[in-house]
Each structure stands twice: as structure tokens, then as C-alpha cells.
1. Sort 114-125, 131-142 by packing, meaning the average of other beta carbons within 10 Å per residue, with the highest value first.
2. With the crude spin-label approximation of a point 7 Å out along Cα→Cβ, what separation in nm comes out for residue 175 versus residue 187?
3. Using 7 Å Cα-to-Cβ label points, what is the residue 56/residue 137 separation (nm, one decimal)?
4. Indicate the gyration tensor shape class of the range 154-197 (rounded, prolate or oblate), computed on the Cα atoms with a ≥ b ≥ c the square roots of the eigenvalues: a/c under 1.5 is rounded; otherwise a/b larger than b/c is prolate and the rest oblate.
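Any read-out appearing in this document is the output of simple, stated calculations on the displayed coordinates, not a laboratory observation. Note that the structure is predicted; figures quoted are calculated from it, not measured. We place every Cβ from the backbone using ideal geometry, glycine too, and count neighbours over all the protein chains shown.
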């Protein structure tokens with residue numbers, strides 16, 4: 001009887017250990033953010049992971065900037081800027097213009113508080129567009145600024161936000177053929193619309 005009890009408890013302990021390992025490993029691997037992190041070597045995606053956005057999200061196509069306009073590139077805070085046609089990898093956002101420099105594979109973005117302008121930069125030749133989602137802390141509907149201008153370009157979306165509010169940026173990729181958004185993605189912290197922290 002005692003041996004029968006030991007064999008049953010051994011089987012139960014083994015099953016419990018197997019179940020525990022499945023519970024602790026499987027959900028983490030199934031979660032898109034973790035899968036994206038594990039699946040990428042040097043931030044190069046192996047597969048596209050779709051990101052669901054609300055059906056009522058407003059998609060705004062970004063406009064090309066005028067020649068000679070300084071293009072903000074996420075990177076070092078404060079530094080040099082480059083004209084749009086000369087985008088260098090080391091360029092940084094203008095110190096007086098762009099907040100919340102955020103980047104993920106294929107897309108970069110920031111918020112220019114003087115003028116309420118969203119900058120969306122396409123950084124990879126992958127057939128997708130850069131997308132910068134904009135959220136507010138006062139209930140305005142979410143919008144997404146899309147850069148369809150191609151790799152190594154910047155597009156701007158000129159908005160008008162409540163000066164007493166805050167915005168948050170969500171940078172990801174967009175497939176114009178399917179109308180779907182994809183990871184990897186990155187999110188900024190809350191940024192004051194008036195630029196005063």
C-alpha cells in the first residue's frame with residue numbers, strides 16, 4: 001500500500017511540475033511583446049506580430065516636410081539636427097522642438113510642442129510605413145500619424161491639443177495594403193502639450 005501511495009505521489013508531483021513549467025513558460029512565450037523580444041536578434045523581426053488597435057482609430061497620413069526643415073531623430077537629447085534630405089543616424093531631435101523621442105524597429109517619432117506636430121520617421125526598408133499613435137490624458141479619440149513617404153523620410157501630422165493636457169506616443173509599423181499595425185512597438189511617457197514639465 002505504501003509503495004502504491006509513493007508511486008501515485010511521484011506521478012502527481014511530476015504532473016504538477018510539468019503543469020507549473022507550462023504555466024510559467026507558455027503564457028510568456030505566447031504574449032506578443034515577449035515573443036517579439038525573443039524572436040528578434042538585433043531588433044530585426046523574424047515574423048510580423050499584429051497589434052490590434054480600436055476600430056474607430058483615426059488614421060492620418062503624414063505630410064512631407066519642406067526642404068531644409070530640421071528633422072528630429074530620436075537619440076541623444078539636445079544635439080545637432082540635419083535637414084530632411086540629409087538624415088544621419090546620429091542626428092538628434094531639436095532641443096527646442098521635439099519631446100518624447102521614441103523608436104522601435106522601422107519607426108521613430110516625437111512630439112513638437114510648439115505647433116502640436118507629430119513627427120513620424122521611417123527607418124527601415126521593409127515595405128511597411130512608420131506609424132505614431134497619439135493618446136491624450138483627457139479623452140480625445142486616438143489618432144495615428146502614418147509616414148507613407150518611404151525609408152529615411154519624415155512625415156508630420158499637425159494637430160491641436162488642449163494646452164493643459166498631456167500626450168503619449170506609441171511607435172509601431174503599418175502595412176498600407178492590409179490596413180494593419182505590427183510590432184515591435186515602443187511607447188513614450190506622458191508629454192505636456194505646452195512643453196513645460
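1. 114-125, 131-142
2. 2.4 nm
3. Calculated label separation equals 2.3 nm.
4. Numbers: a/c = 3.19, a/b = 1.96, b/c = 1.63.
Because a/c hits 1.5 or more and a/b exceeds b/c, the range 154-197 counts as prolate.
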